[in-house]
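Asker: Got a structure for you, questions after.
The values are calculated or read from the model by the stated rules, or taken from the named source; none is laboratory data. The structure presented is a predicted model; accordingly, all values stated were derived computationally and were not measured. Methodologically, a virtual Cβ is constructed for each residue, glycine included, from the backbone with ideal geometry; neighbour enumeration extends over all protein chains shown. SASA here: full protein model, heavy atoms, side chains in, ligands and nucleic acids out. Shrake-Rupley method; radii C 1.70, N 1.55, O 1.52, S 1.80 Å.
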Number of protein chains: 2
Amino acid sequence: MTSTSAGPVTHRRQSRPFVWEGGAVLAYKEADGTFRSVTRQVLTGAEHGQGTCLRYFEVGPGGYTTLERHEHTHVVIPIRGRGSALVVDRIVRLALHDVVFVPGWGWHQFRAADDELLGFLCAVRADRDRPVLPGGEDLAALRRDPRVAAFIRV
Amino acid sequence: MTSTSAGPVTHRRQSRPFVWEGGAVLAYKEADGTFRSVTRQVLTGAEHGQGTCLRYFEVGPGGYTTLERHEHTHVVIPIRGRGSALVVDRIVRLALHDVVFVPGWGWHQFRAADDELLGFLCAVRADRDRPVLPGGEDLAALRRDPRVAAFIRV
């Protein structure tokens, strides 16, 4: 890492590809059965002066993030591997460096391919609300679309 | 592209690698002799609800961005090719997916390798000040470090 005398480091290298120095590879969130094989690294935060946090999530082969929604938005850019996502009400196949936007209150879930991991950058506001999980009526509504029904994991 | 009924598109694909649908490949800025071989694409903006803009810059082989500084910060992640940067007062060699932070008022300039382009994501606040170019005293101060003196292009 390269630091200036104060404030965040100015150059965060990787100790190996997709593992950044100066931060831990964290559990995605408290294990609650809503996700599988997901790690999280925090790349930037409020101290970087943009009001946002940038995180890197990695989903192992066959894994998935929590199906959830919230008021705050996501900007997501896959940078490793292969996968797909539910974004609001559509299933999208992700190519590296596609830009995915999850609008406020849009349902979303990211899944790695069965035989390959999926790693992506995800930007959020530093000051944000907590995610909400789907209830029975939400799931019923989502499952009206057979593609969505086949995709989601809860 | 995949849209919801209103608001920004939820999935911006690439028509070819590193060229995103639904936006133009723009000139870096008005030609003023301070840079060479740089293009710009705007990936997200204020309409994405995070108070930031995400841009993709591509610097051709041998090219460089403007040596400048400003109050607002940069978060930069190289995602294509090879290059190096002046960040505040140090020259750093960039690996893909390193995280570079340019603090407020830090001098910075990005250069591609002589034989390979450099492409990077760059996040900024949507509401930001305009860059300032170095004056004679600034350049003299920067050039006191021989590595910086050899690196910068003005």
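Asker: What's the number of the condition residue B:10 fails, among (1) farther than 23 Å from residue B:140 by Cβ; (2) within 14 Å of chain A (Cβ to nearest Cβ); (3) surrounded by 21 or more Cβ atoms within 10 Å (Cβ to Cβ); (4) within 13 Å of the chain's Cα centre (by Cα)?
Answerer: (4)
Asker: In segment B:60-94, what count of residues is obtained for those that are away from every other protein chain (no Cβ under 11 Å) and of a type in the set (Ser, Thr, Tyr)?
Answerer: Matching residues across segment B:60-94 total 3.
Asker: Give segment B:13-59 a look and list any residue that's closer than 17 Å to residue B:121 by Cβ, in contact (Cβ under 8 Å) with a residue 24 or more places away in the chain and more than 14 Å from chain A (Cβ to nearest Cβ), or say none.
Answerer: Hits for segment B:13-59 are B:28, B:38, B:59.
Asker: Please state which one of A:119, A:104 is within 11 Å of another protein chain (Cβ to nearest Cβ), open to solvent by 20 Å² or more (accessible area, probe 1.4 Å) and either out of contact with any Leu (no Cβ under 8 Å at 6 or more places or on another chain) or modelled with pLDDT under 95 (or both). Steps first, answer last, please.
Answerer: On the way: A:119 fails: open to solvent by 20 Å² or more (accessible area, probe 1.4 Å).
Every option except A:104 fails the conditions.
Asker: Looking at the structure I just gave you, is residue B:93 basic (Lys, Arg) and under 22 Å from residue B:19 (Cα atoms)?
Answerer: Working: basic (Lys, Arg): yes; under 22 Å from residue B:19 (Cα atoms): no.
No: the conditions fail for residue B:93.
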